[in-house]
1. Percent of alpha carbon pairs in the range 133-201 separated by more than 15 Å?
2. Let me spell out the model: positive unit charges on the Cβ of Lys and Arg, negative unit charges on the Cβ of Asp and Glu, origin at the Cα centre of the chain. What dipole size does that give, in debye rounded to 20?
3. Which of the peptides 23-33, 76-86 is most tightly packed, and how do the rest follow, judged by the mean count of other Cβ atoms within 10 Å per residue?
4. Using only DSSP helix segments of four residues or longer, with each worth -39500 (n - 2.57), what per-residue ellipticity at 222 nm results for the chain after dividing by its residue count and rounding to 500?
5. Starting from the Cα of Glu181, step 7 Å along the direction of its Cβ; do the same at Val380; then give the gap between the two resulting points in nm.
6. Where the accessible area of the chain is counted over protein heavy atoms with a 1.4 Å probe, how much of it, in %, is carbon and sulfur?
7. At a 10 angstrom cut-off on C-beta neighbours, averaged per residue, how do the peptides 115-122, 91-98 rank from highest to lowest?
8. Just the accessible area per residue of the chain, please: how many Å² with a 1.4 Å probe?
Amino acid sequence: MFKKIGPGVLIAAAFIGPGTITACSIAGVGFGYALLWAMFLSILATMALQEMAARLGVVSQKGLALVIREQLKSKWIRIAVLMIIIGAILIGNTAYEAGNIGGATLGMTALFGNKYSVYYPFIVGFLAFALLWMGSYKVLEKVFVGLIFLMSLSFIVTAIITQPDVSLILKGLFLPTFPEEGLLTIIALVGTTVVPYNLFLHASLVNEKWKSKDDLRSVRWDTIVSIAIGGFISMTIIIAAAAIPSKEIVGALDLAKGLEPLFGNAAKYFMGVGLFAAGITSAITAPLAAAYVANNCFGWDADLKDWKFRLVWILILGVGVLSLSLKIKPIEIIQFAQIANGTLLPVIAILLVWIVNKNEVMGKYRNNYIQNIIGFTIIVLSILLGAKSIFKVFDLF
C-alpha cells in the first residue's frame, strides 16, 4: 500500500498551508461545525481536478503547461494563456512565498519563543533550499510523508482535546447550511483548497514516479487517499477552532492562544508543530511548481538538477525569505497575483476538462460522462471563485 504513495502527498501538503489554516480557523470560530460541508465539497472538487491532471500527466508523460502549449493551435490564444499562467504561477508564487515561510516561522515562534525569531525565516529558507537542491523526487516524497504525519498528529490531537460533539460534526458535514455572513468564508474554504498551481505540480510530478498507463490505478489511489487525508486535516482545524469562545481570530497563532486557557500549553505546541509543517511544505511546493511551469512554458525540457530549473525556485525562495525578513509587503505585486490567479483558475479548469476529453491526447483514457458533469460543475464554481478573487482586489465583493 505504501509503495503506491506518491505525488498526492505533496499535493495534499501543498494546499494545507498557512492560508488554509487561517481560513479553517476563522470558519470554526465564526460558525462552529456549520461549514464542514463546504470543506467536504471542496475536497471532492479537488480530488476530481487533481485526478484529471494526474491522469493527463501519466498518459501524455508531459506537464500540464506543455500539453496546453501544444494543443492551443492559435498563436495569439496560446501566448495569452501562457502569459496568464506565467503571471499567476511565477509572479503569484513569488508574491505569496513570504506568507508560506511566515507560517513556518510562526510555528517556530510557538515552539521556541521570540528570542531568536529574527533567524527563523532564514532557517526555514535554508531547509527548503537544501531539500530542493538535492533534486531528488524520492527524497521530497519521503520528507512530505513525514510532514503530513506531523500535521495529522498535531491537528487531530488538538481537535480531540477539545472534546467535540460528534453528532454536531456529522450534522455540519452532511446537512449544508448557509449562515448569515458565511458566504465569504465558504468561498475562502473552497478557494484555499482548489489551488491552480497544484494542477501543474501534480501533472509534472506523476512523471517522476510513474511511466506507464498501467499505473493509472495506483495514481488514482494515491490522489484520492492523499487528498482525503489533507481534507481530514483541514476539518480537524475547523473542529478545534469551534471550541474557542473568543471571536477575535485572524490567524493560526490566535487559534493556539485561544485554546490555551482551555487546554494549557499543550495546545500551543501541537499547533506550533502543525503550523511549521504546513508552512515548510508550502514554502517548498510553491517554488517547485513555478519551476515546473517555467520548464513547460519555455520548453526547456530540464530535470530537477538543471541550472535553469534551479534558478527559478532559488529566485522565488530567495525573494520570499528577504521579503519576510525585511518586512517588505509588495502590495501591487500581490494585487497583480490575485488578479492573475483569479483569471487562471477558470481558464485552467476549462482547458483541463477540454484536454482530458481529446482523443488525440488521452485516447481511451479520456473523461467519461460522469467525470464531465463533475468537470463542468467545477468550471462554474471556478468562475465564481475567480470573479471573487478579482473583485476583492478592487473592493467590489
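The values are calculated or read from the model by the stated rules, or taken from the named source; none is laboratory data. Keep in mind that this is a model prediction, so the values were computed, not measured. Positions of Cβ are generated from backbone atoms using ideal geometry, with glycine treated the same way; all protein chains shown enter the neighbour counts. Heads up: the accessible areas ignore ligands, DNA and RNA and are worked out on the full protein's heavy atoms, side chains in. Shrake-Rupley method; radii C 1.70, N 1.55, O 1.52, S 1.80 Å.
1. Details: 1783 of 2346 pairs.
Tail of the P(r) past 15 Å holds 76 percent of the pairs.
2. On the way: 30 positive and 20 negative charges, 189 e Å.
For the chain, the charge dipole is close to 900 debye.
3. On the way: 23-33: 24.4, 76-86: 15.5.
The densest-packed peptide leads the list: 23-33, 76-86.
4. Numbers: 18 runs with 306 residues, N = 397.
Helix contribution divided over all residues of the chain: -26000 deg cm²/dmol.
5. Between Glu181 and Val380, the label points sit 2.9 nm apart.
6. Working: 11870 of 17460 Å².
C and S atoms contribute 68 percent here.
7. So the order, starting with the most tightly packed, is 91-98, 115-122.
8. Numbers: 17460 Å² over 397 residues.
Heavy-atom accessible area per residue stands at 44 Å².
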